[in-house]
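Have a look at the structure below before the remarks.
The values are calculated or read from the model by the stated rules, or taken from the named source; none is laboratory data. From a predicted model like this one, the values you see are computed outputs, not experimental measurements. In this analysis, Cβ positions are derived from the backbone assuming ideal geometry, glycine residues included, and neighbour counts consider all displayed protein chains. Calculation scope for accessible area: heavy atoms of the full protein, side chains included, ligands and nucleic acids excluded. Shrake-Rupley method; radii C 1.70, N 1.55, O 1.52, S 1.80 Å.
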Amino acid sequence: RDVFLLDPANPQSPVVDKIEMVMARAALPTLGELRAFDRIAFLEWIPDLAIAIAGSFLGTVAIMRVCTDPSHERPRHTLQVIARIPEEVPIQPLYGVSIYRHPENASGMLTITLYLLYLDGQLIAYELSPP
């Protein structure tokens, strides 16, 4: 349920940042026994956009950005949740997550499609691009 940003170069204190209950929503549907699977089941890193995607079997996905604050002597890195999707709390369990990186078009614009597949066969696609 929690996401940690680690610095492998610092073995004494590798945790740089932590987001607790990253996919938490105000109201989750009652899924009975599936609540035992309320944990991060899918994790994707998209280096081109400097974002991570974490998904739970309960159907919620969090998109996080790694941010850098260069004003410190040693740059400080943090994680920020930039979105939780889908907007409506799903009533079906999340079955799979897939990322497709489109070839860059003539303008050099990078586009990535995030696919979410739910147990009832519903497939939702989101287009991701740099801000």
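Considering the conditions (1) at positive phi; (2) at pLDDT 80 or above; (3) within 16 Å of the chain's Cα centre (by Cα), LEU49 is excluded by exactly one of them, (1). Within region 101-119, the set of residues being under 15 Å from the mean Cα position of the chain (by Cα) and among the aromatic types (Phe, Trp, Tyr) comprises just one member, TYR115.
Of everything listed in (1) surrounded by 12 or more Cβ atoms within 10 Å (Cβ to Cβ); (2) at pLDDT below 85, the single unmet condition for GLY108 is (1).
Return the residue satisfying two criteria in turn: it lies in region 39-75 and is of a type in the set (Ser, Thr, Tyr) and either open to solvent by less than 10 Å² (accessible area, probe 1.4 Å) or not in a strand (DSSP E or B) (or both), and of such residues it is farthest from ASP2 (Cα to Cα).
Among them, the one singled out is SER71.
Condition first: modelled with pLDDT of 85 or more, outside any helix (DSSP H, G or I) and surrounded by 11 or more Cβ atoms within 10 Å (Cβ to Cβ). Can you find one or more residues in region 11-19 that meet it? Scanning region 11-19 turns up no residue that is modelled with pLDDT of 85 or more, outside any helix (DSSP H, G or I) and surrounded by 11 or more Cβ atoms within 10 Å (Cβ to Cβ).
Selection of region 78-105 for residues being within 17 Å of ILE46 (Cα to Cα), touching a Ser or Thr at 6+ places or on another chain (Cβ under 9 Å) and either open to solvent by less than 40 Å² (accessible area, probe 1.4 Å) or not in a loop (DSSP other than H, G, I, E, B) (or both) yields THR78, ARG84, ILE85, SER98, ILE99, TYR100, ARG101.
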